[in-house]
1. Can you tell me how many residues in the stretch 332-353 are within 17 Å of Thr401 (Cβ to Cβ) and not in a strand (DSSP E or B)?
2. Exactly one of (1) modelled with pLDDT under 95; (2) in a helix (DSSP H, G or I); (3) buried (at least 19 other Cβ atoms within 10 Å of the Cβ) is unmet by Val68. Its number?
3. Criterion first (among the basic types (Lys, Arg), surrounded by fewer than 19 Cβ atoms within 10 Å (Cβ to Cβ) and not assigned by TED's automatic domain parsing to the domain that holds Glu461) does Arg263 satisfy it?
4. Regarding Ser115, is this residue in contact (Cβ under 8 Å) with a residue 60 or more places away in the chain, closer than 30 Å to Asp486 by Cα and touching an Asp or Glu at 6+ places or on another chain (Cβ under 6 Å)?
5. Could you check, for the stretch 240-260, whether at least one of its residues is closer than 15 Å to His51 by Cβ and in contact with a His (Cβ under 6 Å, 6 or more places away or on another chain)?
6. Name the single residue that is surrounded by the fewest Cβ atoms within 10 Å (Cβ to Cβ) among those in the stretch 73-96 being outside any helix (DSSP H, G or I) and of a type in the set (D, E, K, R).
7. Cβ contacts < 9 Å: first residue farther than 15 Å from Arg345 by Cβ, restricted to the stretch 290-318; second residue in a helix (DSSP H, G or I) and of a type in the set (S, T, N, Q), any location; separation 6+ or different chain. Result?
8. Kindly establish whether Pro503 is at pLDDT below 90 and either out of contact with any Phe, Trp or Tyr (no Cβ under 6 Å at 6 or more places or on another chain) or surrounded by fewer than 20 Cβ atoms within 10 Å (Cβ to Cβ) (or both).
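The values are calculated or read from the model by the stated rules, or taken from the named source; none is laboratory data. Note that this is a predicted model, so its numbers are computed, not measured. Counting neighbours? That spans all protein chains shown, and the Cβs are built from the backbone with ideal geometry, glycine included.
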Amino acid sequence: MSTARQSLWDTEAFNGVYAGHPGRLYRRSPATFDDLIAGTRCWTDREFLVHGSRRISYARFRGALGQVCTRLADLGVAPHDRVMVFGYNSPEWIVAVFSLWLRGAVPVLGNRWWSPTEVAHAAELLDLRHILTDTPLETGCPTSTLADLAGAFDSPGAETPGTDTDIDDVALVLFTSGTSGLPKAVELSRRSLIANQQNILTRNGRLPDLLGADSPQAVSLASTPMFHIGGLSSLLTHFLTGGRIVLAEGRFDAGQVMSLIERERVQIWGAVPTMAVRVLEHPEFDTRDLTSLRSWPLGGAPVSPELLERIRAKLPNLRERGLSNTWGMTEAGGFLTVADSRDLRARPGTVGRPYPVVEVQIDRPDADGVGEVLVRSPTVMLRYVGGGADDTVDTDGWLHTGDLGHLDDDGYLYIDGRSKDIVIRGGENIACPRVEAALASHPVVVEAAALGLAHPDLGEELAAVVVHRIGTHPPTEDELRRHLADLVSSFAVPTRWQFRTEPLPTLAGEKIDKRTLAAGFE
């Protein structure tokens with residue numbers, strides 16, 4: 001093993017300074033995307049991606065990067081240009097993102113479930129150079145199809161050296177639900193992406209320095225979208241450690257997931273709780289061989305102790321060590337805390353302890369120690385694009401998460417609620433004010449309230465209470481669904497409805513009393 005490779009990573013963290021404020025840093029980290037790719041050169045014929053009948057090795061993938069970088073140059077993509085990648089998980093999506101990084105450009109990860117309005121908003125906000133897409137789009141921005149990149153795997157060329165940029169430059173843009181408007185664009189630096197990976201790999205003892213050509217290969221299943229921070233983080237982790245990634249096709253399907261686990265002998269499947277519930281409830285569950293599973297990390301939404309017990313009961317192979325719970329967010333650049341199986345047994349409800357370079361504190365705790373959770377880490381976002389003056393990240397580097405929580409005496413974090421008006425439906429964040437504004441744009445709607453209701457499968461479902469004008473014919477559910485189709489994402493269309501002519505109840509300060517409205521659905 002070469003000295004250069006050994007020098008890329010370190011597990012030791014110290015109190016340093018970055019972005020003009022104090023914080024925790026690793027003493028040694030990779031500096032470029034070339035460094036990250038270089039660590040995979042010990043694997044040649046080892047499979048990297050499986051998608052349907054396609055099987056792509058590490059060597060073919062690295063060779064395809066050179067072809068796609070040339071294609072990007074032909075399209076006029078230069079360092080620092082922003083290029084949206086808009087599609088479902090696929091080898092073409094992955095090679096596009098990696099090639100943009102090598103080119104020194106900035107991948108912009110569009111949410112494949114967006115409405116046309118949201119795609120157009122992102123294109124204008126970010127002044128995109130180009131869009132690589134798996135579906136026709138009308139944005140006024142030059143577009144190319146992701147399918148055109150498939151040939152790069154059939155005739156891979158020589159590897160292309162990367163274009164270096166500053167470690168604190170923007171390296172990625174992802175989106176999160178705005179609390180009162182269209183999706184917010186989050187800028188992450190290369191430092192953020194690398195530090196998030198170093199946290200994960202340090203905690204699980206899988207730093208690339210420790211791995212060689214004959215190291216065991218972990219097989220993982222990717223069924224969560226890679227345009228979300230959790231899916232992207234998992235992709236990078238398995239790439240860096242020589243894993244084989246099995247890509248599910250299309251939207252989530254519990255039957256397909258079980259079939260892929262059985263066929264490919266999948267060992268790791270990361271999922272949001274809704275996915276876990278759907279697999280456990282599937283009529284074919286008891287006839288499937290899922291004994292290959294060794295790790296089932298859960299995140300993206302609260303994980304109940306009851307769900308964990310159901311998994312342990314139905315999958316004994318995960319009972320002792322295979323379950324974990326993570327907490328993080330897009331603005332934090334990935335995962336902030338993790339709880340392993342022992343933690344979850346000893347401390348039901350915890351999301352674990354912070355990763356090595358993550359600091360956590362509780363702002364203005366009440367008598368029970370509950371307050372807003374603040375975090376500081378080199379993984380934290382640079383800013384919201386077009387956000388103007390924004391104090392989500394304060395001058396000392398603390399990210400104000402909007403989540404309410406408390407810490408126990410041993411530093412384990414518990415999330416007790418959310419201060420932001422957000423519903424998490426099956427792992428997707430829905431900004432209630434955004435849905436309410438879209439409903440209010442209907443000609444007979446006077447006002448509307450969107451709120452979350454407990455749901456056994458999705459965690460939460462979105463409900464709407466709509467006030468329509470007196471003397472007008474009440475709008476129907478189908479009519480409002482059609483109205484919302486071009487304004488919000490498909491997952492942000494309410495599934496339960498109430499219609500009324502009297503005003504919505506309010507609390508002091510004229511804030512809508514959503515607790516009373518929620519009780520009306522019971």
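1. Going through the stretch 332-353 one residue at a time, the tally reaches 2.
2. Tallying (1) modelled with pLDDT under 95; (2) in a helix (DSSP H, G or I); (3) buried (at least 19 other Cβ atoms within 10 Å of the Cβ), Val68 fails exactly one: (1).
3. Against the criterion (among the basic types (Lys, Arg), surrounded by fewer than 19 Cβ atoms within 10 Å (Cβ to Cβ) and not assigned by TED's automatic domain parsing to the domain that holds Glu461), Arg263 qualifies.
4. Yes: the conditions hold for Ser115.
5. Within the stretch 240-260 (the criterion being closer than 15 Å to His51 by Cβ and in contact with a His (Cβ under 6 Å, 6 or more places away or on another chain)), the answer is yes, since at least one residue qualifies.
6. Among those that are outside any helix (DSSP H, G or I) and of a type in the set (D, E, K, R), it is Asp81.
7. From residues that are farther than 15 Å from Arg345 by Cβ, the pairs are Leu290/Asn317; Thr291/Asn317; Ser292/Asn317; Leu293/Asn317; Arg294/Asn317; Pro297/Ser234; Gly300/Thr274; Ala301/Thr274.
8. The answer is yes for Pro503.
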